[in-house]
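Undergrad: The structure is given below, and queries will be raised subsequently.
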Amino acid sequence: MEKNRLQQTSDKTVQQFIQKAILALKKQVKTIDELISRMVATDQKNARKIEILQSVNGVGPVAISTFVAEFPELGELNR
């Protein structure tokens, strides 16, 4: 949304504020991604599920954490 706002304004001062906001958001995303990676790496309860998911090309820490959080039944047999 900030990138859209940046394109819509011609005011240099506003553009600078928006660019600073974009930079701050990128830093926050990077920090959150690093935290998620660490959490996934240290999750002992779901270690086997994580190991299997990591073996799939293109599936990274963010996707893995989403799968583990949203689909706790993943890897469980029907009872």
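Read-outs: derived from the displayed coordinates by stated rules, not from any lab. Note that the coordinates shown come from a computational prediction; the quantities given were computed from them, not determined experimentally. Note that each Cβ is placed from the backbone with ideal geometry, even for glycine, and that neighbours are counted across all protein chains shown.
Undergrad: Using the alpha-carbon atoms, what tilt in degrees (0 to 90, nearest 10) does helix 12-41 show relative to the longest principal axis of the chain?
TA: 10 degrees
Undergrad: Taking the inverse of the average 1/r across all pairs of different Cα atoms in the chain, what Kirkwood radius in Å do you get?
TA: About 15.2 Å for the chain.
Undergrad: Still on this model: Just want to confirm a number: the relative contact order over the chain, from Cα pairs under 8 angstrom separated by 6+ residues, in percent.
TA: This gives 22 percent for the chain.
Undergrad: Still on this structure, please answer the following. Counting helices only, and only those DSSP H runs with n ≥ 4, report the 222 nm mean residue ellipticity of the chain as the sum of -39,500 (n - 2.57) divided by its residues, in deg cm²/dmol to the nearest 500.
TA: Value at 222 nm, helices only: -22500 deg cm²/dmol.
Undergrad: If you take the charge dipole of the chain about its Cα centre, with +1 on Lys and Arg Cβ and -1 on Asp and Glu Cβ, which of S10, N46, N57 is farthest toward its positive end?
TA: Toward the positive end, the furthest listed residue is S10.
Undergrad: How would you rank 31-41, 67-77, highest first, on the average number of other Cβ atoms within 10 Å across their residues?
TA: Top of the packing list down: 31-41, 67-77.
Undergrad: Another one. Out of Q28, Q54, Q15, any idea which swings most in a Gaussian network model of the chain, alpha carbons joined below 10 Å?
TA: Of Q28, Q54, Q15, the most mobile in the Gaussian network model is Q15.
Undergrad: Could you size up the charge dipole of the chain around its Cα centre, putting +1 on the beta carbon of Lys and Arg and -1 on that of Asp and Glu, and report it in debye to the nearest 20?
TA: So the dipole magnitude of the chain works out to roughly 320 debye.
Undergrad: Straight-line reach only, C-alpha to C-alpha below 22 angstrom: list the lysines that K3 could link to, leaving out same-chain residues fewer than 8 apart.
TA: List returned: K12, K20, K26, K27, K30.
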